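What follows is one structure encoded as structure tokens, with my remarks underneath.
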Amino acid sequence: MELLEEKILKDGVIKSGNVLKVDSFLNHQIDVPFIAELGKEFKRQFADRPINKILTIEASGIGIASIAAMFFEVPVVFAKKSSGSNMDKDVYFTQIYSSTHSKNNDVVVSKKYLNKNDHVLIIDDFLANGCALEGLMDIVRQAGGIVEGIGVAIEKGFQGGGDKLRQMGVNLHSLAIIDKMDAVSGTIQFRKEN
Ligand code: 5GP
């Protein structure tokens, strides 16, 4: 999506450790009219799917998922990072490795908000190795629901998670895919066919 690529080039900051900061518009300060354009694009890409719920993970997925949900007219559920017991009967539980923080997070979703009747669109701000999305897919599987698709704002293609999910047959759409980025020169190269 050209609009997003231009915004990343203008406002993104490449940090060490292959981290891209876009917190001036996506996941700290939120440029709501701009993110609404991304939400509309998700709606266009998944228009043929019977989506009745959007699932994301706290904290940085909540903004984009909520704005996208306006266009789907469905509720958003966000998986919570939990410090409580994973033996709780009322929640689905999974573990997600965070490469940005180098640690495992226990993640839960209440059974009240996800079940076998749900047709779920998973949305997140970033896709790197794919751990966050695989964890969210695991939660939908536990609930007996169907993952209709996954929408991601920025995929770091060079970290491989997106291509792994595509090979698994997941209906994944990333609005911008970065194939190369270099912290020293500040250059970013996008995947062309996107
Ligand atoms: P994955 O699980 O695919 O390795 O990483 C995705 C998760 O890590 C996302 O939920 C996102 O919050 C975070 N993340 C991964 N890479 C980046 C990055 O370059 N910048 C930011 N801001 N977050 C990232």
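Before moving on, here are some points about what is shown:
- The condition of being surrounded by fewer than 21 Cβ atoms within 10 Å (Cβ to Cβ) and either of a type in the set (Phe, Trp, Tyr) or more than 30 Å from Glu37 (Cα to Cα) (or both) holds for only one of Gly144, Gly186, Gly149, that being Gly144.
- Matching strands (runs of 3 or more DSSP E) fully within the stretch 135-194 where at least 3 residues are touching a Ser or Thr at 6+ places or on another chain (Cβ under 9 Å) and of a type outside the set (Lys, Arg): 146-156
- Top-ranked residue in the stretch 7-44 [being assigned to a strand (DSSP E or B) and within 17 Å of the chain's Cα centre (by Cα); ranked as farthest from the ligand (Cβ to nearest atom)]: Lys21
- Filter result (aliphatic (A, V, I, L, M), surrounded by 17 or more Cβ atoms within 10 Å (Cβ to Cβ) and more than 19 Å from Gly39 (Cα to Cα)) within the stretch 56-95: Ala79, Val91
- Ala36 vs. criteria of a type outside the set (Asp, Glu) and in contact with a helix residue (DSSP H, G or I) (Cβ under 8 Å, 6 or more places away or on another chain): yes
- Leading residue by the ranking (farthest from the ligand (Cβ to nearest atom)) among those in the stretch 131-173 that are more than 19 Å from Phe78 (Cα to Cα) and free of Cβ contacts under 8 Å to residues at least 12 places away in the same chain: Gly169
- Any hit, the stretch 26-45, residues being at pLDDT below 95 and exposed (fewer than 15 other Cβ atoms within 10 Å of the Cβ): no
- In the stretch 45-63, residue farthest from Lys7 (Cα to Cα) [restricted to those that are in a loop (DSSP other than H, G, I, E, B) and within 11 Å of the ligand (Cβ to nearest atom)]: Glu58
- Test set (1) aliphatic (A, V, I, L, M); (2) in contact with a helix residue (DSSP H, G or I) (Cβ under 8 Å, 6 or more places away or on another chain); (3) over 18 Å from Ala143 (Cβ atoms) - Ile54 fails condition number: (3)
- Considered as a group, the residues in the stretch 96-134 that are among the charged types (D, E, K, R), at pLDDT 95 or above and in a strand (DSSP E or B) include one that is surrounded by the fewest Cβ atoms within 10 Å (Cβ to Cβ), and that residue is Asp106.
- Qualifying residue in the stretch 23-32 (condition: of a type in the set (Ser, Thr, Tyr) and touching a residue at least 40 places away in the same chain (Cβ under 8 Å)): no
The values are calculated or read from the model by the stated rules, or taken from the named source; none is laboratory data. Note that this is a predicted model, so its numbers are computed, not measured. Because the Cβ atoms are built from the backbone with ideal geometry, glycine has one as well, and the counts that use them run over all protein chains shown.
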